[in-house]
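Step one of this worksheet: look at the structure below.
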Ligand code: C2E
Ligand code: MG
Ligand code: MG
Ligand code: MG
């Protein structure tokens, strides 16, 4: 390719790029109104304990039903929400809604499970995050031990801030997980002292664990490291029984993925995955 060809290419892409910027601005404006218009809802995906086969948790995942576009993927709107700061009120809505749902199910007499909620970096860096979450949990009356906050490695780069935030959250009594583990840059040097409870092995390692022996080595190593550090370990993106069998052999504690269920709406989750508390006959 010579310089002339490249120019042609640039000219061809420029209008498309402008469109993209416009589109993005439009989406951001729509996002600004989505909360008050009630366009968000949550879906839940079960987290299954491998030795018992029981559903011990669920991850709450945000969905946006756009009036014109229909369902917009979190991959498309979460980055916009983060850059615009809208993720803070949206994230608070997610937290409140997921915790209310969990409390409601406990009140209905189901065996309690833990709800995992994804935090964005903007939320995580809020000065009084633990205070805010504590107030919401108090108001709802949900025991913090049934709440798991998922953060990612990229959010933990500033050691001092990370440890301070995590310590306050741990004092509150919530569970803390590192999501997408293995894809970030956290150093083992400070992972070892971090007040966290669980590693969630990223889907990219799990998905071809059987085809790619390097991925198998990584999954096996993360699992064994989690055991040594006395952390719980959950595999994400488990899609077939062969992957599940591999994870069992590695003594991975829990798994999440399409093999068990896609993320589904609350009513369906309740029917398919919640079990009544066992009661003694009177
Ligand atoms: P994540 O937290 O790692 O969530 C797991 C994603 O993997 C979900 O995508 C889920 O649908 C998908 N998944 C689960 N099992 C499988 C599987 O077996 N195969 C495949 N191919 N995919 C599977 P989703 O719901 O599209 O969410 C994407 C990301 O958006 C999430 O990744 C999370 O980073 C972000 N996100 C979702 N909801 C929220 C939220 O409420 N707040 C924030 N800050 N981020 C959120
Ligand atoms: Mg997650
Ligand atoms: Mg993940
Ligand atoms: Mg992710």
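Counting only residues that are within 28 Å of residue 24 (Cα to Cα) and assigned to a helix (DSSP H, G or I), which one in segment 99-135 is nearest to ligand 1 (Cβ to nearest atom)?
123
Assuming residue 223 fulfils every condition listed in (1) surrounded by fewer than 18 Cβ atoms within 10 Å (Cβ to Cβ); (2) part of a helix (DSSP H, G or I); (3) away from ligand 2 (no atom under 14 Å from the Cβ); (4) modelled with pLDDT of 95 or more apart from one, which condition is it?
Failed condition: (1).
In segment 171-191, what count of residues is obtained for those that are modelled with pLDDT under 95, under 27 Å from residue 113 (Cα atoms) and away from ligand 4 (no atom under 15 Å from the Cβ)?
1
Can you work out which of the residues in segment 235-249 that are assigned to a loop (DSSP other than H, G, I, E, B) and surrounded by 19 or more Cβ atoms within 10 Å (Cβ to Cβ) is nearest to ligand 1 (Cβ to nearest atom)?
The qualifying residue nearest to ligand 1 (Cβ to nearest atom) is 237.
Which of the numbered conditions does residue 74 fail, given that it passes all the others? Conditions: (1) in contact (Cβ under 8 Å) with a residue 40 or more places away in the chain; (2) under 13 Å from the mean Cα position of the chain (by Cα); (3) farther than 19 Å from residue 169 by Cβ.
Going through the list (1) in contact (Cβ under 8 Å) with a residue 40 or more places away in the chain; (2) under 13 Å from the mean Cα position of the chain (by Cα); (3) farther than 19 Å from residue 169 by Cβ, residue 74 breaks only (1).
Here is a yes/no grid of residues against (1) within 16 Å of ligand 1 (Cβ to nearest atom); (2) surrounded by 21 or more Cβ atoms within 10 Å (Cβ to Cβ); (3) assigned to a loop (DSSP other than H, G, I, E, B):
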{"site": "137", "(1), (2), (3)": "no, yes, no"}
{"site": "160", "(1), (2), (3)": "no, no, no"}
{"site": "163", "(1), (2), (3)": "no, no, no"}
{"site": "167", "(1), (2), (3)": "no, no, no"}
{"site": "179", "(1), (2), (3)": "yes, yes, no"}
{"site": "185", "(1), (2), (3)": "no, no, yes"}
{"site": "209", "(1), (2), (3)": "yes, yes, yes"}
{"site": "227", "(1), (2), (3)": "no, no, no"}
{"site": "233", "(1), (2), (3)": "yes, yes, no"}
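The values are calculated or read from the model by the stated rules, or taken from the named source; none is laboratory data. Predicted model, so just to flag it, every value in this text is computed and none were measured. Cβ: placed from backbone, ideal geometry, glycine included. Neighbour counts: every protein chain shown.
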